[in-house]
Structures are given as C-alpha cells and as structure tokens.
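The values are calculated or read from the model by the stated rules, or taken from the named source; none is laboratory data. Predicted model, so just to flag it, every value in this text is computed and none were measured. No Cβ is skipped: glycine too gets one built from the backbone with ideal geometry, and neighbour counts run over all protein chains shown. The accessibility values were calculated without ligands, DNA or RNA, using every heavy atom of the protein model including side chains. Shrake-Rupley method; radii C 1.70, N 1.55, O 1.52, S 1.80 Å.
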Amino acid sequence: MLLIYCPYCEEERSELEFRHGGDAHIARPTNIADISDEAFEEYFFLRDNPKGLIFERWRHIHGCGRFFNAARDTVSDKFVTSYKAGEPKPDLPAATPASDKTVETYEALEGVAK
C-alpha cells in the first residue's frame with residue numbers, strides 16, 4: 001500500500017483515499033473555442049508517459065476533498081513531494097531521476113505467458 005501525503009490535511013493517508021487527476025501544470029489554451037482540432041487533440045488527449053519523475057494532480061476524495069499536486073517517480077511509485085494546488089512546481093534536485101532498477105514482470109519471473 002502506498003501512503004500519500006495530503007498537504008491540506010497535513011498527514012499521510014492510504015492510497016485508497018485518493019484519486020489520480022492527470023498531469024499537473026498543463027498549459028491550457030486561453031480561448032479553447034478558437035484552436036484547431038489538432039491543437040485541441042494535443043491539449044486534451046495526448047500526454048507524455050515518461051519513465052521517471054512526473055508531476056500529477058491528485059484529489060483526496062475520502063478526506064478533505066481537495067486537489068493537490070505531487071511529484072512521483074513512475075518506476076518506483078515513490079511520491080517525492082506533494083504541494084497545494086496553485087503553488088508553483090518545486091525545484092527538485094537533478095539527482096531525482098528514475099532509478100535504473102529493473103522492474104520484474106510475470107514473464108521475467110515465470111517465463112513467457114502462453
């Protein structure tokens with residue numbers, strides 16, 4: 001089980017109390033009605049899926065109900081930090097990239113599934 005720190009409740013709680021809300025700090029179009037279909041598709045649907053540190057929005061649905069942002073390593077699932085919505089993206093050390101540790105899969109442990 002993951003523990004996620006809610007910056008509003010100021011405590012760590014079980015991951016079961018939270019819901020993922022997508023990428024944080026997305027530049028939203030100023031007038032969405034005037035953008036092209038391609039630009040709308042890129043804004044609304046296309047997201048990077050990097051290996052390493054990402055910034056996400058989360059909602060504490062079974063607690064205060066508020067949205068906040070968090071930095072999480074996609075390889076280890078470790079939450080590096082969380083901060084209130086509206087606050088700027090924190091400057092994190094460059095030494096916080098994803099680990100190179102191999103993630104074990106069923107196929108690696110049991111052979112190729114048939």
Here are some conditions: (1) aliphatic (A, V, I, L, M); (2) assigned to a loop (DSSP other than H, G, I, E, B); (3) at pLDDT below 90. Residue 108 meets all but one. Which one does it not meet?
(2)
Just wondering, is there one or more residues in region 54-67 that are open to solvent by 90 Å² or more (accessible area, probe 1.4 Å), assigned to a loop (DSSP other than H, G, I, E, B) and touching a helix residue (DSSP H, G or I) at 6+ places or on another chain (Cβ under 9 Å)?
yes
In region 14-33, residue most open to solvent (accessible area, probe 1.4 Å) [restricted to those that are in a strand (DSSP E or B) and under 22 Å from residue 89 (Cα atoms)]
19
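Based on what the data block shows, is residue 30 farther than 26 Å from residue 1 by Cα and modelled with pLDDT under 90? Before you say what the answer is, go through the steps one by one.
Numbers: farther than 26 Å from residue 1 by Cα: yes; modelled with pLDDT under 90: yes.
It is true that residue 30 is farther than 26 Å from residue 1 by Cα and modelled with pLDDT under 90.
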